[in-house]
1. How big is the convex hull of the Cα atoms of the chain, per residue, in Å³?
2. Ranked from highest to lowest mean number of other Cβ atoms within 10 Å per residue, what is the order of the peptides 143-155, 60-72?
3. Normalised by the residues of the chain, what does the relative contact order come to in percent, with Cα pairs under 8 Å and at least six apart?
4. Considering the convex hull of the alpha carbon atoms of the range 102-199, report its projected area averaged over all viewing directions, in nm², one decimal.
5. Using alpha-carbon positions, what is the distance between the centroids of the range 160-185 and the range 48-116, in Å?
6. Suppose each label sits 7 Å from its Cα in the direction of the beta carbon; what would the residue 19-residue 4 distance come out to in nanometres?
7. Report, to one decimal in Å, the Kirkwood hydrodynamic radius for the range 52-125 based on all distinct Cα pairs.
8. Divide by every residue of the chain the summed helix terms, -39500 (n - 2.57) for each DSSP H run of at least 4, and state the resulting mean residue ellipticity at 222 nm, rounded to the nearest 500 deg cm²/dmol.
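Read-outs: derived from the displayed coordinates by stated rules, not from any lab. Everything numeric in this text was worked out from a predicted model, so none of it was measured. Here the Cβ positions follow ideal geometry from the backbone for every residue, glycine too, while neighbour counts run over all protein chains shown.
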């Protein structure tokens, strides 16, 4: 029997949550828990702060970040949990598609854009023909991503220095630095209404924070790709 998983969701747009609940109840076949926090107030807290708050109440071995603007078209848990049979795995992410079935996320890679070494979603904008249906070791987005609860606590959760962006990549880098691996697996079809649950106003600020913190690691990645 697979272990129970706790989903955690920070609600930032009430128009998505009923849809999210419907697909959870329809598609997830194994017992699970779902912790949510209403973050739609006049002064919402950051994604990292909200999810760290929820994480302190997780009692299961694994927890899965779940955006409220995600549509599950199948149960991703079996494929994700299978990856954790390997004790070196710290995070598992999934393939995400735009509503028009073009790929939004197939893992995250870093490459040169306008002379700067920047992160980007692999295959983003491409029609999904199965071209990312192999496991890749790379950072992943936390619209849907699973981690070990004990490890999350040991690494002190998501960094709250970011404002709704890059905290997921930061956590993946912490995972790798701690000697674990971050895995992407296509799992089942999942639609993500990108930016349905957040804005991108602070992305430059977040990138600057991320670059300053992980500059040494980014330099090694950049040199390895030359």
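1. Numbers: hull volume 28.6 nm³, N = 226.
Expressed per residue, the convex hull around the Cα atoms of the chain is 127 Å³.
2. Working: 143-155: 19.6, 60-72: 21.8.
The most tightly packed comes first, giving 60-72, 143-155.
3. On the way: 437 pairs, mean separation 57.1, N = 226.
Relative contact order, the chain: 25 percent.
4. Numbers: hull surface 29.3 nm².
Its Cα hull, projected and averaged over all orientations, spans 7.3 nm².
5. Value for the Cα centre distance between the two parts: 11 Å.
6. Once both label points are built, they end up 2.9 nm from each other.
7. On the way: mean 1/r = 0.0670 Å⁻¹.
About 14.9 Å for the range 52-125.
8. Working: 6 runs with 69 residues, N = 226.
Using -39500 (n - 2.57) per qualifying helix, the result is -9500 deg cm²/dmol.
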